[in-house]
Amino acid sequence: MRSIAIINQKGGVGKTTTAVNLSAALAAAGNRVCVLDLDPQAHASLHLGVVLGDDEPSMYTVLTDDELSLAAIRRQVDENLWVAPASLDLAAAEMELAGEVGREVILRDKLAADNEPFDFLVLDCPPSLGVLTLNALTAVTEVFLPLQPHFLALHGLSKLLRTIELVAHRLNTGLTLTGVVLCMYDSGTRLAAEVSEDVEAFFDRQTQRPGPWSGAKCFETRIRRNIRLAEAPSFGRSIFQYAADSHGAEDYSQLAREVLGLPLQIETPVVIPRAAAA
């Protein structure tokens, strides 16, 4: 099983959109995928159509109740796709777990006790570097970093990389930063191209020093800015359920192919017959 944490301490960069729609694309390719929603805003859960009642257990309950398993809260939302939903109560977990011994490995232990066979485990993390994100980094082997291509994209990145390095050194020696996903990409602007080059150059320099990010790359697929991606969560659907013919669906399908190690599909240009063109 590949376990992937989607993280960025900066909000609004396409983190949840990537976690949900990449998972949906991997599931559509025949893989068994489970999304773990670790964000108290529960946007990944809402995006997949799951709204919890006041007394229903969530990831908060799993992290704070030794007896509750992940299987008890997991829900199937589509073929090959499951979600372990979050609730607003998860915000309290940061404080409640602060004094717990071994608080950084609670999620890792819960996953170790879960026998459900998945091909991919995708964790949607909160926009912070607190206890919840630390649990995610301790429990997975890969990190995907969504970035928006503007000049503030690298702001705070050094702190995030330092956190990944510390976790890899002290708690999870198998942790690696696999790649950067450029989201909300405006292909027609010079700014997007320039910032993309800066991001790629930044990670090229990191490969010269040992660390969990030494093999990181920018994924070739760019997630274009697309209104359908923004609309899909309000309908509780992935982009493939909401608008399968959109650029958003096309881009996340391409990203899934990269993650699976498959060649990207080259678009066939549309040829307009002369009669129609006339």
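Classify segment 1-145: rounded, prolate or oblate, from the alpha-carbon gyration tensor (a ≥ b ≥ c, eigenvalue square roots; a/c under 1.5 rounded; otherwise prolate if a/b is larger than b/c)?
rounded
Counting just the Cα atoms, what span does the chain cover along each of its three principal axes? Round to the nearest Å and put the largest first.
72, 44, 29
Using a simple spin-label model with points 7 Å from Cα along the Cα→Cβ vector, what separation in nm is obtained for GLU165 and LEU88?
The modelled label-to-label distance comes out at 3.9 nm.
Near ILE6, within a Cβ-to-Cβ distance under 12 Å, what is the net charge of the other residues, with Lys and Arg +1 and Asp and Glu -1?
Overall, the nearby charge balance is -3.
Quick one: putting +1 on the C-beta of Lys and Arg, -1 on the C-beta of Asp and Glu, what dipole do you get for the chain around its Cα centre, in Debye to the nearest 20?
It works out to roughly 940 debye.
Distance between Cα centroids, segment 1-39 to segment 162-195: provide it in whole Å.
14
What does the C-alpha gyration tensor say about the overall shape of segment 85-238? Classify as rounded when a/c is under 1.5, otherwise prolate if a/b is larger than b/c, or oblate.
In terms of gyration-tensor shape, oblate.
Once you charge only the Cβ atoms, +1 for Lys and Arg and -1 for Asp and Glu, what is the size of the charge dipole of segment 41-104 about its Cα centre, to the nearest 20 debye?
240
As a check on your grasp of the helix formula, calculate [θ] at 222 nm for the chain: sum -39500 (n - 2.57) over DSSP H runs of n ≥ 4, divide by the residue count, round to the nearest 500.
After summing the helix terms and dividing by residue count, I get -10500 deg cm²/dmol.
What ranking, highest mean first, results for peptides 79-87, 109-117 when packing means the other Cβ atoms within 10 Å averaged over each residue?
Descending packing order for the listed peptides: 79-87, 109-117.
Share of the chain's accessible area from carbon and sulfur, percent, 1.4 Å?
Looking at the chain in its full context, I get 51 percent from C and S.
With every protein chain kept in place and ligands, DNA and RNA left out, what is the accessible area per residue of segment 186-264? Probe 1.4 Å, answer in Å².
Each residue of segment 186-264 exposes 54 Å² on average to a 1.4 Å probe.
What number of lysine-lysine pairs in the chain show an alpha-carbon separation below 20 angstrom, given a sequence spacing of 8 or more or placement on distinct chains?
Final tally of qualifying lysine pairs is 5.
Near ALA71, within a Cβ-to-Cβ distance under 13 Å, what is the net charge of the other residues, with Lys and Arg +1 and Asp and Glu -1?
Here the charged neighbours net out to 0.
From the residues VAL199, GLY102, LEU182, which one has its Cα farthest along the dipole of the chain in the positive direction, the dipole being from +1 and -1 charges on Cβ of Lys/Arg and Asp/Glu about the Cα centre?
Of the options given, the answer is VAL199.
Report the one residue of VAL13, VAL77, LEU63 whose Cα lies farthest in the direction of the positive end of the charge dipole of segment 1-101 (charges on C-beta: Lys and Arg +1, Asp and Glu -1; origin at the Cα centre).
VAL13
Keeping all protein chains in place and using 1.4 angstrom, which order do ARG74, ARG108 fall into by accessible surface area, from largest down?
Greatest to least solvent exposure: ARG108, ARG74.
How much net charge surrounds ALA84 when only the other residues with a Cβ under 13 Å from the Cβ of ALA84 are counted, with Lys and Arg +1 and Asp and Glu -1?
-3
The values are calculated or read from the model by the stated rules, or taken from the named source; none is laboratory data. Only a predicted model underlies this, so the values are computations on that prediction, with no experimental measurement involved. Reconstructed Cβ throughout: ideal geometry from the backbone, glycine too, with neighbour counts over all protein chains shown. Ligands, DNA and RNA are stripped out before the accessible areas are found, and what is left, the full protein with its side chains, is counted by its heavy atoms. Shrake-Rupley method; radii C 1.70, N 1.55, O 1.52, S 1.80 Å.
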